[in-house]
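The values are calculated or read from the model by the stated rules, or taken from the named source; none is laboratory data. Note that this is a predicted model, so its numbers are computed, not measured. Cβ atoms come from the backbone with ideal geometry, glycine included; neighbour counts cover every protein chain shown. When the accessible area is computed, the model is the full protein with side chains, heavy atoms only, and any ligands, DNA or RNA have been set aside. Shrake-Rupley method; radii C 1.70, N 1.55, O 1.52, S 1.80 Å.
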Amino acid sequence: MYANDDVLLITKEDIFKYTQLSGNFDVDKITPFIKIAQDIQVQELCGTVLYRRLLDDVQSSTLAGYYLLLVSHYLQPLLIHYAMSDLLLFHGYEVTNGGIVRNSPENTQLPSKEELDTIVQRQRNIAETYRRRCVDYLSFFPQRYPEYTANQQSGEYPNTNPSNFVTWNL
């Protein structure tokens, strides 16, 4: 664990602003999905050294210049949509002492598996589009981010291919 493991590159307000989440959604329910998407997708894309640099800068409120550009124009959009794709898969379920339960508010109709798969896939496609733009940007301007091409010190090297996703089954 690192000192800045609780630092997020996006705010919960970003999720509301750039997705279809309604205003009465419990924002604490999306935080784990933001963290997971950030730790997996962003660290995999940037490599450990650049990823840690960005988290340090955000935590110390010193994010500026090209690093601010990278986060605001490239990483935040992809992070929003990766987090949403995972949230959409798991939001309807809750783990309680009695086991895993499926939430279904009154007077609502749950989407079919096919409908949900379509919505999740659309979010992933959007995230992948932003990921490709980020890869292109980092590939074109590696001199702006020496941490991107640096020795990763037993960390994760940048990977320009997305992680494999697994679909869900009922």
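The residues of the chain present an accessible area of 59 Å² per residue when probed at 1.4 Å with all protein chains retained. How large, in percent, is the carbon and sulfur part of the accessible surface of the chain at a probe radius of 1.4 Å? Roughly 53 percent, rounded to a whole number. Span-like helix check, the chain: qualifying full DSSP H segments, with Cα axial length of 15 Å or more and mean Kyte-Doolittle of 0.5 or more, are 76-90. Mean sequence separation of contacting Cα pairs (under 8 Å, at least six apart), scaled by the length of the chain, corresponds to a relative contact order of 33 percent. Classification of the chain by its C-alpha gyration tensor yields a prolate form. The axis ratio a/c (a ≥ b ≥ c) is 1.5 or more, and a/b outweighs b/c. Evaluated with a Cβ-only charge set (Lys, Arg +1; Asp, Glu -1), the chain carries a dipole of roughly 380 debye about its Cα centre, given to the nearest 20. Compute the Cα gyration tensor for region 1-79, then decide on rounded, prolate or oblate, letting a ≥ b ≥ c be the square roots of its eigenvalues: rounded whenever a/c is under 1.5, prolate when a/b is larger than b/c in the other cases, and oblate in all that remain. The shape class here is prolate.
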